[in-house]
Every structure is written in structure tokens, then in C-alpha cells.
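A.B. asks: Below is a structure I'd like to ask you about.
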Amino acid sequence: MHEAAGIKIVAGIIGGMLLGLAAFFMWPVYEHLTGEATVYRMFCTSERAGDSPCVLRDELTSVPETYKAFPDQQSVIVWIGNDAPSKLGNCAVRDALNWRCTRNDKKVGTVDQSMANGQLTETVDGNPSPGLGLFYQAPRWRWWLVKLLETSGLRK
């Protein structure tokens, strides 16, 4: 009797893990269908060589940015973490993963934010944005791995 209960518990745990894994990989599809794309950024506590990611022990997560595209209105709304959403102006939108928005800032010049196939870029007067040198976009699985390491206390 105890053996049957143990088998049911193990089967339940394995089933729950498989269901969780399926949900993790299906989430981007759901986001895309609802017009959203989340950008996961990380930064390195040590010096990085060019565009290469830093070693896992030196990576930290930043707050995720979610972009919701409205192709019929040619607009994009962004919210960072739990902050209030803001609207990007002067946009050309194809879908959640492909759009471009431009704004003129008197202090810095023309700022272009664009997403192409889910990769977010930002330029200021045609040059890469200075803030993007520190933060870089990471795959969702890597961001969550580093976040789990940060919150679990497994690294110092």
C-alpha cells in the first residue's frame, strides 16, 4: 500500500514538472498572440569582452521590460517591472516582435527604439544608446536561471 502511494507521489511530481516546463516554453507563444513581448536584460559585474555575455557568476538580472504592440493603432506601450505603463510615440508596428518608434529629445537628439524578431535595439542620433553598453538582452531561460541563483542564495 505504501509503495503505491509513493509511486503516485513520484508520478505527480514528474507530471507537475513536465507541465511547468511546457508552460515555460509556451509562454512566449501566448505573449506573441496577445501582442506582447518581454525583454529580459542582464548586466555584468565584471568587464565584458565586446558583445559576448559574461560568465554566469558575474551576471545579474535587471527588471524585465514588457512591450505591447497595437498594429491597428500603430502604437506601443511599455512597462518596466511593476511601474506604470508609458506609450511610445511615432511608431510603425507590424506585430509584437517587429516595430519601430522614434522620438526627438532636446537633450540627447533623435531616439529610435525598435524591435526586430524580438531583439530590442535603441539608438541615439544613429549611434547605439550608451545605456545598452551595460545592459544586454538575454534569453528568457538564462535570465530565469540567474534570477533563481540570485534569490536562492546559492551565490554570493
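The values are calculated or read from the model by the stated rules, or taken from the named source; none is laboratory data. Keep in mind it's a predicted model, so treat the numbers as computed, not measured. Virtual Cβ from ideal backbone geometry, glycine too; neighbours counted across all protein chains shown.
A.B. asks: Keeping to the stretch 75-103, report how many residues are polar (S, T, N, Q), surrounded by fewer than 15 Cβ atoms within 10 Å (Cβ to Cβ) and in contact (Cβ under 8 Å) with a residue 12 or more places away in the chain.
C.D. replies: Residues flagged as polar (S, T, N, Q), surrounded by fewer than 15 Cβ atoms within 10 Å (Cβ to Cβ) and in contact (Cβ under 8 Å) with a residue 12 or more places away in the chain within the stretch 75-103 amount to 1.
A.B. asks: If you take the residues of the stretch 58-70 that are charged (D, E, K, R) and within 16 Å of Tyr136 (Cα to Cα), which of them is modelled with the lowest pLDDT?
C.D. replies: Asp58
A.B. asks: State which residue is modelled with the highest pLDDT when the search covers only the stretch 121-147 and only residues that are part of a loop (DSSP other than H, G, I, E, B) and among the hydrophobic types (A, V, I, L, M, F, W, C).
C.D. replies: The qualifying residue modelled with the highest pLDDT is Ala138.
Here is a yes/no grid of residues against (1) touching a strand residue (DSSP E or B) at 6+ places or on another chain (Cβ under 6 Å); (2) outside the structural domain of Met42 (by TED's automatic domain parsing); (3) within 16 Å of Leu60 (Cβ to Cβ):
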residue	(1), (2), (3)
Leu97	yes, no, no
Asn104	yes, no, no
Lys107	no, no, no
Thr123	yes, no, no
Pro128	no, no, no
Tyr136	no, no, yes
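A.B. asks: Among the residues of the stretch 113-134, write down those that are surrounded by 15 or more Cβ atoms within 10 Å (Cβ to Cβ) and farther than 19 Å from Glu36 by Cα.
C.D. replies: Thr123, Val124, Ser129, Leu132
A.B. asks: Identify, please: which residue in the stretch 71-120 is charged (D, E, K, R) and either within 22 Å of Arg41 (Cβ to Cβ) or not in a loop (DSSP other than H, G, I, E, B) (or both) and is, among those, modelled with the lowest pLDDT?
C.D. replies: Among them, the one singled out is Asp105.
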